[in-house]
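Notes for the one structure printed next.
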Amino acid sequence: MEAITFDLFLLITGLILVCIILFLSLVSVIYTVRLAYKMDTLTKMIDIIRPVPKVEYPIPSVEKKVESGDSGISAKETVSVPEIPKFDPVRDAPDIPSGMQRLCEIYGIESLTLSTPDGLVVASTGHPLAGDDAARVSYASMTGNPVNESGVSVFHTEYKGNDLVGIIRGNKEIPEDLLGELKKDISSLLERWI
């Protein structure tokens with residue numbers, strides 16, 4: 001039997017190491033491909049679940065229309081005002097605070113807080129003064145004192161027989177017809193999550 005020379009030993013050892021490196025490279029490629037597939041699937045699932053991004057509404061456009069008449073040409077301006085988008089609790093409210101924030105975007109208000117008549121916050125957009133507002137405004141509502149703070153308005157609503165106090169912070173007053181729509185949207189939001 002012949003003895004293995006040192007050169008032959010090094011050659012065999014090198015071949016074994018190259019085979020091991022090729023095997024580990026193949027395993028790494030397989031795991032990388034599987035990880036990329038799982039990440040792609042996860043990204044698609046997150047895109048399905050992700051809440052609707054903030055929608056920027058266009059400024060009303062001014063269009064010039066030209067009409068011809070007996071005396072010549074006259075220009076007439078018309079202004080088209082975009083409709084208020086409808087609130088969809090399934091699409092717009094992945095949770096209560098996000099839904100409340102979406103309502104603020106739709107109705108053009110800064111923040112919205114719902115509380116019980118005794119001052120407990122039921123839902124809020126996360127305004128830092130929500131707890132203080134709920135306690136102070138609810139107390140004023142129970143005692144019959146008006147809230148005389150600029151930028152704050154109060155409304156009362158009901159959900160499943162329970163009275164709720166709504167506190168709106170914003171620079172503009174919401175008209176009665178829009179306030180009715182807001183109350184309906186709040187009810188649909190609460191019905192989805194409570």
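A compact table of results
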quantity: Distance between the range 142-185 and the range 3-35 - C-alpha centres, whole angstrom; calculated: 74
quantity: Hz values of 3J(HN,Hα) by residue in the range 91-96 - Karplus curve (6.51, -1.76, 1.60), Gly and Pro given as x; calculated: 7, 9, 9, x, 7, 5
quantity: Sequence-distant residues sharing a close amide H with THR125 (under 5 Å, placed H); calculated: LEU112
quantity: In Hz, Karplus ³J(HN,Hα) per residue of the range 105-112 (6.51, -1.76, 1.60; θ = phi - 60°; x = Gly, Pro); calculated: 5, 5, 8, x, 10, 6, 8, 9
quantity: Residue-level accessible surface for LYS172, protein heavy atoms, 1.4 Å, Å²; calculated: 120
quantity: Of all accessible heavy-atom area on the range 118-162, the percent that carbon and sulfur account for (1.4 Å); calculated: 52
quantity: Two-site FRET efficiency, GLU158 against ILE49, from Cβ-Cβ distance with R₀ of 30 Å, rounded to 0.05; calculated: 0.40
quantity: Solvent exposure ordering (accessible area, 1.4 Å, most first) of ARG136, ARG34; calculated: ARG34, ARG136
quantity: Area of MET45 that stays accessible when all protein chains are in place (1.4 Å probe, Å², to 10); calculated: 100
quantity: Cβ-based net charge around ALA134, under 15 Å, with every Lys or Arg adding one and every Asp or Glu removing one; calculated: -3
quantity: Integer Hz, Karplus 6.51/-1.76/1.60 couplings in order for the range 20-35, x for Gly and Pro; calculated: 5, 5, 5, 4, 5, 5, 4, 4, 4, 5, 4, 5, 5, 5, 5, 5
quantity: Per residue, in Å², the accessible surface of the range 107-194 once ligands and nucleic acids are set aside, probe 1.4 Å; calculated: 55
quantity: Using a Förster distance of 45 Å, the FRET efficiency for VAL29-GLU105 (Cβ separation, nearest 0.05); calculated: 0.45
quantity: Label-point separation, ALA135 to LEU17 (7 Å along Cα→Cβ), nm; calculated: 7.3
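The values are calculated or read from the model by the stated rules, or taken from the named source; none is laboratory data. What you see is a predicted model, and the numbers here were worked out from it, not measured in a lab. Every residue, glycine among them, receives a Cβ derived from its backbone with ideal geometry; neighbour counts consider all protein chains shown. Note: areas computed on protein heavy atoms with side chains; ligands, DNA, RNA excluded. Shrake-Rupley method; radii C 1.70, N 1.55, O 1.52, S 1.80 Å.
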